[in-house]
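The values are calculated or read from the model by the stated rules, or taken from the named source; none is laboratory data. Since this is a predicted model, take the numbers as computed values, not measurements. Heavy atoms of the whole protein, side chains included, go into the accessibility calculation; ligands, DNA and RNA do not. Shrake-Rupley method; radii C 1.70, N 1.55, O 1.52, S 1.80 Å.
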Amino acid sequence: IQFFNRDNGLPGRRVYAVGQDQQGVYWLGMDDAQVASYTPDNGEGFAVYPHLFSGKVKVIAPDSIGRVWVGTEGGGISILSEDTLFSLTRTQGLSGDWIKAILHLADRRSLVATTEGISILTPLDSLGYDYDIRIINHQKGLSEDRITDLDVDSLGRIWFSTTGSGIGVILDDETVLNFDKSMGLSSNSVRSIAIDAYQWLWIGTAG
């Protein structure tokens, strides 16, 4: 076990999210609106990106074209590349600014879970700086808008979890099916979900 804290270079006290990009660089989301990167075995320690973001950094999601998506509490998403930083917020069309999960799909779409529903982002250019954003929320069939996690199965169906209404799945035609304790869940308060290599859906609950 290799251990990092402020005594040996970690810039923050609380790490909320960890992600790894295609070059093997680890990205950390921390308190004090900080992001840091760490490249193993380069001997240079952590590179820090302070004060670029608004609120705690709770989600780190590198994409397939070398950018790092940073999800915050209350500040929407910042997308960080080598020489560019731009933001996506509710003003630009996201369902909300409190980001709970970001998932990039093979077709270059990105899914964003917030406390106000799910945003489906489809890039309109090759660089990924312009998006068509569709929102799926309670009015569109979600059991509730406070989403906690996302995953996609081998058939392309989008699974989501909620703070108090169980889980659900969004089908190809955007029909939504919801599942709760009445259908066998141990709890309606679901914190995380994950689909494994055998397509089993694992559900982590509160309680």
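Temperature 4 °C, viscosity 1.567 mPa s: under these conditions the Stokes-Einstein estimate for the chain, based on its Kirkwood radius over C-alpha pairs, is 73 µm² per second. Which lysines does LYS58 reach when only Cα atoms under 24 Å apart count, and residues fewer than 8 places away in its own chain are ignored? Result set, ordered by chain and number: LYS100. Relative contact order, whole percent, for the stretch 82-207 stands at 15, derived from Cα pairs under 8 Å and 6 or more residues apart.
Largest mean-square fluctuation among SER81, SER126, SER64, in a Gaussian network model of the chain whose springs join Cα atoms under 10 Å apart, belongs to SER126. Computed with a 1.4 Å probe over protein heavy atoms only, the accessible surface of the chain comes to 53 Å² per residue.
Here LYS181 is the anchor, and the aspartates and glutamates within straight C-alpha reach of less than 17 Å, apart from those fewer than 8 places off in the same chain, are GLU144. Between ARG134, ARG108, ARG13, the Gaussian network model of the chain with springs among Cα atoms under 10 angstrom shows the greatest mean-square fluctuation at ARG13. Expressed as a whole number of Å, what is the distance separating the alpha-carbon centroids of the stretch 138-207 and the stretch 12-87? So the separation of the two Cα centres works out to 27 Å. Here the accessible area of the stretch 42-190 is 48 percent carbon and sulfur, with a 1.4 angstrom probe and all protein chains present.
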